[in-house]
Structure formats: structure tokens, C-alpha cells
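The values are calculated or read from the model by the stated rules, or taken from the named source; none is laboratory data. Not measured: the values here are computed from a predicted model. Don't worry about glycine lacking a Cβ; one is built from the backbone with ideal geometry, like all the others, and counts go over all protein chains shown. To get the accessible areas, we keep the full protein, side chains included, count just its heavy atoms, and leave off ligands, DNA and RNA. Shrake-Rupley method; radii C 1.70, N 1.55, O 1.52, S 1.80 Å.
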Amino acid sequence: MCEVFHKFIMGLRDFLKEYFLGFWDYETPKVMVVKNRTLGVIYRSVQFLVITYFIWYVFMSQKAYQESETRPESSVYTRMTGIAVHGEDILDTVEYARPPEGGDVISAILRREVTYDQRQGTCAEYFKVPRANCTKDSDCVRGEVDFDGHGRRTGRCVKYYNHTFKTCEIQTWCPVEEYAVVREPALVEAINFTVFIRNSIHFPRFKVLRGNIKDASNKRNMHKYLSRCHYDEEKEPYCPNFRLGYIAEKARENFSELCRTGGVIGVFINWKCNLDLDPSHCKPTYSFRRLDVRKDLDNSGYYYRFAKYYSKEGVESRTLIKAYGIRLDVIVHGHAGKFSPIPTIISTVTAMTSVGICTIICDWIMLTFIDKNEVYSDRKFDEVSKEPRVSIPTELSFITTFGSNHSDLSEGVPL
């Protein structure tokens, strides 16, 4: 046992000694010309792919020679316009646009469900609320509040309005919404409502400020232009007026379905500016996409409730409105780039270094698949331990004896 342990210690010592001495060795590349057509084709092909990648993708597509800024300062103002006839009523923006002051989020009411003349009092709970159905008063716990329901229970079991079955009586705004709701038809004219979106973006690093509205010679011409134009990607790229129907179409949504369930659509304003050119070439592009999840039917769509309060016969009353609508979230992305010597140098050095991958790949192919007789490996790796003791008549004989720094392997070498 002691002898085995002694051999292990001696072997470990020799290994550490060899590693320590080898750590201080100096390695230098050796140039060897291998005249092999297959290997040459592979080498030039890999070189071509690497160089093409850096020229086309890194420099031309990604513009790696530019200094970039991806967090600009941005402001958004929105306003909705349009008039709709709804039965005997004329609806303007005050009736259907929320919020009225504008911002990066704006919505329009497309359909309403209205519960008229609600008053504080007692009435039967909605029968689909859990544990709301009853046959006697003892089924209803006095003072209990069901957060899935509409109010606080009084402890009485009463007839459900004009029906024969009974539910627990509650204290709340009566009648409950599900029983007395009136579902109004959709506001189909909303497809022609117009959303005005004004966006300004500032790239502080480059001190460039741009807007999405076309410059005009005077305010009169500007007002005239904005009152008549509608955005078109090719004809009117600087017009900030968007029809709701156009937005729904570009988001691949059915407007009639949006009127039924509501929905949230993202309006993406993308600024990609090459500031090596004049700043006037910095133009926004728009894209539209549905944001709310449609697979989950219970949580999809967009709606909210609000109430209008008034006094009727000296009693406080309200009209409860459940509004289904289309909500627009304006999201701005900005990226600007301008030539700078530092990223240019870094990208160029990276490209030149990456070309060395070609040599590594071809060396591996040569030594693994082609060098079956170890001809190449014998010429590629030389170990020079010390200088020769005898005098050397010429430099050529020294290189020939101890390994040339430049070898030429022709086709005569057996493979």
C-alpha cells in the first residue's frame, strides 16, 4: 500500500514539474503551404462566408460602424373626432372618447349595456351568483357579503322578481344589472372615427428632434392639411390621422367583432434613423397589433363600467353603463445611429480576428481527416529545445536541420 502511494506521489510530482516547465515555453505560428485542392477550396469557402457575413450583415445591415442611441425621449398626444347618430341621439367625442385630455392611451365606446334608474335599496340577488338560490330564510346568512355578488344579504329569501324561484335578498343598487340591463346596438359609425396621433421624439446624444407631422410653410396650410388628410403608408406617410377601421384592418381584426367584445390594439411608432444622412430622412413607420389575449374568452376584449348620477323624486339614482370599446395603446420605439471611429475600429478588428477561424477549421480537417500517414503533423509541429552546439555554416542549413519556418508540401506527399 505504501509502495502504491509512493508511486502516486512521484507521478504527481513529475506531472507538476513538467507542467510548470512547459508553462514557460514560447509558441510561435509556423507557415506551411499545403498544396491540396480539396483543403484549399474549403479554406477559401470559409473565408468567403466569414468576410461576406461581416460586410453584408455586420456593416451594411446592422451598421456596426455607427454609434447608436436606443432610448430616446418621446411625447404622445391623441385626440379622437367624429359624430355618430345613435337612435334619436347625436353622439360626439364627449360621449364616446375616453380619456378626454388625450395621451398615449385613448379609447372609444363601441357598444353599451345600460341599467336605468338604479336606487339604493333591497332586492333579489342574481340567481347565477354562488349560493344565491334559496328556499327558506335560513339559507341566507344575515350580514354576509359575497364578493362575487352585488351586495350584503339581509337574511331573507325572496322571490326573484317575476319568476317563481327564490334567491337571497341583498342590500345594493336595485335592480341588479344582470336582470334589468338593456343592450344597445353597436355604434357602427365608429368605423369612420378618426384618431389624431401627434408624436415628437428627441435623441439627446445627437441633439436631433423629429416629429411625425409634415412641416408646412404656415399655420393655415398646416390646419388645412390636417383637416383633410388620412394616413396612407405610401401617399400620406406624414398624416397623423388614422381611421379606426384602418387600424382594425391593419391589425387583422374584424371591426364588428370588436364592437361586440371590445379589444386592445397597440399602435407602434418606430423611428429608425440613419443620422449619417440629413435628419429629414428620419421618418416614422407604423404597425398595429392586437394586444389582449383572445384565447381566454373570459379575460379577452375590453370593457369598463361607469355611472351617471342624478336625483329623481328626491331620491339619489343612477344609470349604470357597461361600455365595450376599442382601446389604443401608442407605443414608441426609437433607434438612431451615426458614424463613429470607435465602433468602426472595434468591428474591423473583430472581423479580421474572425478570419482566423478559417485556419483553425482547416487545420482540424487536415490533421483529422487528410493526414492519415501523419505527414502533415510531422512537418507542422516542431520542438526546438536549445541552440545547436556546433557552428553552423549558413542559416539555410540551420533551418533545414532544426525545422524550417516555411514549408512547402506539394502533391507528391502521400495522403
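When residue 271 is tested against (1) within 30 Å of residue 60 (Cβ to Cβ); (2) part of a loop (DSSP other than H, G, I, E, B); (3) in contact with a Ser or Thr (Cβ under 9 Å, 6 or more places away or on another chain), only condition (2) is not met.
Total residues in region 23-51 satisfying the condition of being at pLDDT below 80 and more than 22 Å from residue 379 (Cβ to Cβ): the figure is 2.
Restricting attention to region 157-177, which residues are without any contact (Cβ under 8 Å) to a residue 40 or more places away in the chain, more than 11 Å from residue 123 (Cβ to Cβ) and open to solvent by 40 Å² or more (accessible area, probe 1.4 Å)? Don't jump to the end; show me each part of the working.
Taking region 157-177 as the starting set, the residues that turn out to be without any contact (Cβ under 8 Å) to a residue 40 or more places away in the chain are 157-165.
Add one more test, that the residue is more than 11 Å from residue 123 (Cβ to Cβ), and what stays is 157, 162-165.
Selection gives 162, 163, 164, 165.
Residues considered: 324, 376. Of these, the only one that is at pLDDT 65 or above, closer than 30 Å to residue 184 by Cα and of a type outside the set (Gly, Ala, Ser) is 324.
Every residue in region 80-89 that is closer than 17 Å to residue 227 by Cβ and either assigned to a loop (DSSP other than H, G, I, E, B) or free of Cβ contacts under 8 Å to residues at least 40 places away in the same chain (or both), please.
Residues of region 80-89 that are closer than 17 Å to residue 227 by Cβ, as a first pass: 80-83.
Passing the criteria: 82, 83.
In region 63-112, the qualifying residues are those that are among the hydroxyl-bearing types (Ser, Thr, Tyr) and under 20 Å from residue 263 (Cα atoms), and the one that is farthest from the chain's Cα centre (by Cα) is 93. Screening the candidates 26, 77, 65, 43 for the property of being without any contact (Cβ under 8 Å) to a residue 24 or more places away in the chain and either more than 30 Å from residue 324 (Cα to Cα) or open to solvent by less than 100 Å² (accessible area, probe 1.4 Å) (or both) yields one hit, 26. Of the residues making up region 338-364, those that are open to solvent by 90 Å² or more (accessible area, probe 1.4 Å), in a helix (DSSP H, G or I) and hydrophobic (A, V, I, L, M, F, W, C) number 6.
Considering only residues in region 191-207 that are hydrophobic (A, V, I, L, M, F, W, C) and open to solvent by 10 Å² or more (accessible area, probe 1.4 Å), the one that is nearest to residue 328 (Cα to Cα) turns out to be 196.
If you take just the helices (runs of 4 or more DSSP H) that sit entirely in region 150-253, which of them hold at least 1 residues that are more than 37 Å from the chain's Cα centre (by Cα)?
Details: elements: 177-180, 219-228, 244-250.
Hits in region 150-253: 177-180, 219-228.
The residues of region 97-134 that are over 30 Å from residue 330 (Cβ atoms) and open to solvent by 30 Å² or more (accessible area, probe 1.4 Å), listed by number, are 116, 117, 119, 120, 122, 126, 127, 128, 130, 131, 133.
Considering each residue of region 90-133, count those that are of a type outside the set (A, V, I, L, M), more than 26 Å from residue 242 (Cβ to Cβ) and not in a loop (DSSP other than H, G, I, E, B), and give that number. Outline the logic, then answer.
As a first pass, look at region 90-133 and keep what is of a type outside the set (A, V, I, L, M): 92-93, 95-96, 98-104, 107, 111-113, 115-123, 125-128, 130-131, 133.
With more than 26 Å from residue 242 (Cβ to Cβ) added as a condition, the list becomes 113, 115-123, 125-128, 130-131, 133.
Cutting the leftovers down to not in a loop (DSSP other than H, G, I, E, B) gives us 113, 115-123, 133.
Of the residues in that region, 11 qualify.
Only a single criterion out of (1) open to solvent by less than 60 Å² (accessible area, probe 1.4 Å); (2) in a helix (DSSP H, G or I); (3) closer than 30 Å to residue 271 by Cα is not satisfied by residue 53, namely (1).
State all residues of region 261-283 that are open to solvent by 10 Å² or more (accessible area, probe 1.4 Å), touching a residue at least 12 places away in the same chain (Cβ under 8 Å) and of a type outside the set (S, T, N, Q); if no residue qualifies, say none. Give the derivation first.
Just the residues of region 261-283 that are open to solvent by 10 Å² or more (accessible area, probe 1.4 Å), to begin with: 261, 264, 268, 270, 272, 274-281, 283.
Within this subset, residues satisfying the condition of being touching a residue at least 12 places away in the same chain (Cβ under 8 Å) are 261, 264, 268, 270, 272, 274-276, 279, 283.
Result: 264, 268, 272, 275, 276, 279, 283.
Any idea how many residues of region 4-36 are within 27 Å of residue 351 (Cβ to Cβ) and not in a loop (DSSP other than H, G, I, E, B)? Total satisfying the criteria: 4. Can you find even one residue in region 220-243 that is at pLDDT 95 or above, open to solvent by less than 10 Å² (accessible area, probe 1.4 Å) and within 16 Å of residue 288 (Cα to Cα)? Checked region 220-243: at least one residue is at pLDDT 95 or above, open to solvent by less than 10 Å² (accessible area, probe 1.4 Å) and within 16 Å of residue 288 (Cα to Cα). With respect to the conditions (1) at pLDDT 95 or above; (2) β-branched (Val, Ile, Thr); (3) farther than 30 Å from residue 336 by Cα, residue 269 falls short on a single one, namely (3). Evaluating residue 258 against the criteria (1) outside any loop (DSSP other than H, G, I, E, B); (2) open to solvent by less than 70 Å² (accessible area, probe 1.4 Å); (3) free of Cβ contacts under 8 Å to residues at least 60 places away in the same chain leaves one unmet condition, (3). Is there any pair linking a residue in region 219-246 that is without any contact (Cβ under 8 Å) to a residue 60 or more places away in the chain to one that is in a loop (DSSP other than H, G, I, E, B) and of a type in the set (Ser, Thr, Tyr), with Cβ under 8 Å and at least six apart or on different chains, and which? Correct list of pairs: 237/231; 239/231; 240/231; 241/231; 242/231; 246/231.
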